[in-house]
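All of the numbers you see were taken from the coordinates with simple rules; none came from a lab. Given the structure is predicted, the values throughout are model-derived calculations rather than measurements. Glycine gets a Cβ as well: all are built from the backbone with ideal geometry, and neighbour counts include every protein chain shown.
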Amino acid sequence: MQTVPTAVKDLLLLGQHVANWLETHGLWLGMTQTPSSELRRFLDETEKAEAAWSDAKNTRVHLQARISAVDKDLTAWLAKARLVVMLARGETWSERWIETGFAHRATNVPKRVDARIKLARKVVVFLALHPEYGVPFADVTAARGRSIYERMIQARAASDLAADSCTMKKRVRDAAKRVLRSTIYQVIRTLDFTIAPNDPRWLAFGLNQPITSPSRRRHVHRHRFSEAPTEPEPIPLITETHSDPERTVAA
């Protein structure tokens, strides 16, 4: 049984072989069900869809790296802002810290990205209202904080768009790949009824030489009776006999 590759690179290579030999031998063999032009169109669509998906994946990876870099900056800025708040509102947490955005006794920087962005916004508001607490030489200012968390928001939005694009382009690639594989299988089925298993053109098509086995032989199906018919029994012939009874005359 012929196997069509699932990897796109190998599938495109096989498709090129099949298309080339369809152009050379297809008409001569009477294989008009799948024109080589149609197969080449499917090859082109699959190749373009694969390239588009590859580009989308690379873009997504690049944006994820960008998020990591910006998040690192945001986390570092919040750590420095926490020290500034300690100087402004005391080393131990109290209700005076709530205005700064650190609303819980655990004054550590949050682990979740959404929570870090939310905290950065509140710290920026605090520093904008109280610029005297800012430390410009350490970049702990309202302007610097706003710049960092806005870059974080933009990077996440771009990453979400890239993820959606990657998903969509993968679906397009998968659909094109299915059509191409189905078309190549159709050519193989046509070849199976067109050339002999030992024909070297199987290899020229880029396919494996079929293995001759009893399963490839044609079978003639005959009707089988449950019981062998028997000859009918002869019907006995009935013959009429006419007898002349002897008449005895009394002497």
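Key figures
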| read-out | value |
| --- | --- |
| Loop-resident sites, region 1-88, for chymotrypsin sites (Phe, Trp or Tyr not before Pro), counting at most 10 other Cβ within 10 Å (DSSP) | Trp28 |
| Fully extended contour minus Cα-Cα distance, from Arg121 to Arg105, at 0.36 nm per residue | 3.9 nm |
| Descending semi-axes in Å of region 8-204, equivalent ellipsoid built from Cα gyration tensor | 66, 13, 11 |
| Spin-label pair Leu129/Glu38, simplified geometry with 7 Å Cα→Cβ offset, distance in nm | 7.2 nm |
| Fraction of alpha-carbon pairs over 14 Å apart in region 28-104 - percent | 77 percent |
| Kirkwood-Stokes translational diffusion coefficient of region 52-91, alpha-carbon pairs, 4 °C, 1.567 mPa s, µm²/s | 106 µm²/s |
| Those lysines that a straight Cα-Cα span of less than 21 Å connects to Lys122, excepting residues fewer than 8 apart in one chain | Lys72, Lys80, Lys111 |
| Under 16 Å from the Cα of Lys169 - lysines, other chains or at least 8 residues apart | Lys48, Lys57, Lys177 |
| Stokes-Einstein D (µm²/s) once Rh is taken as the Kirkwood radius of region 56-137 over alpha-carbon pairs, at 10 °C in 1.306 mPa s | 115 µm²/s |
| Stretch gain in nm, segment Glu23-Ser182, where the contour uses 0.36 nm per residue and the Cα spacing is subtracted | 55.4 nm |
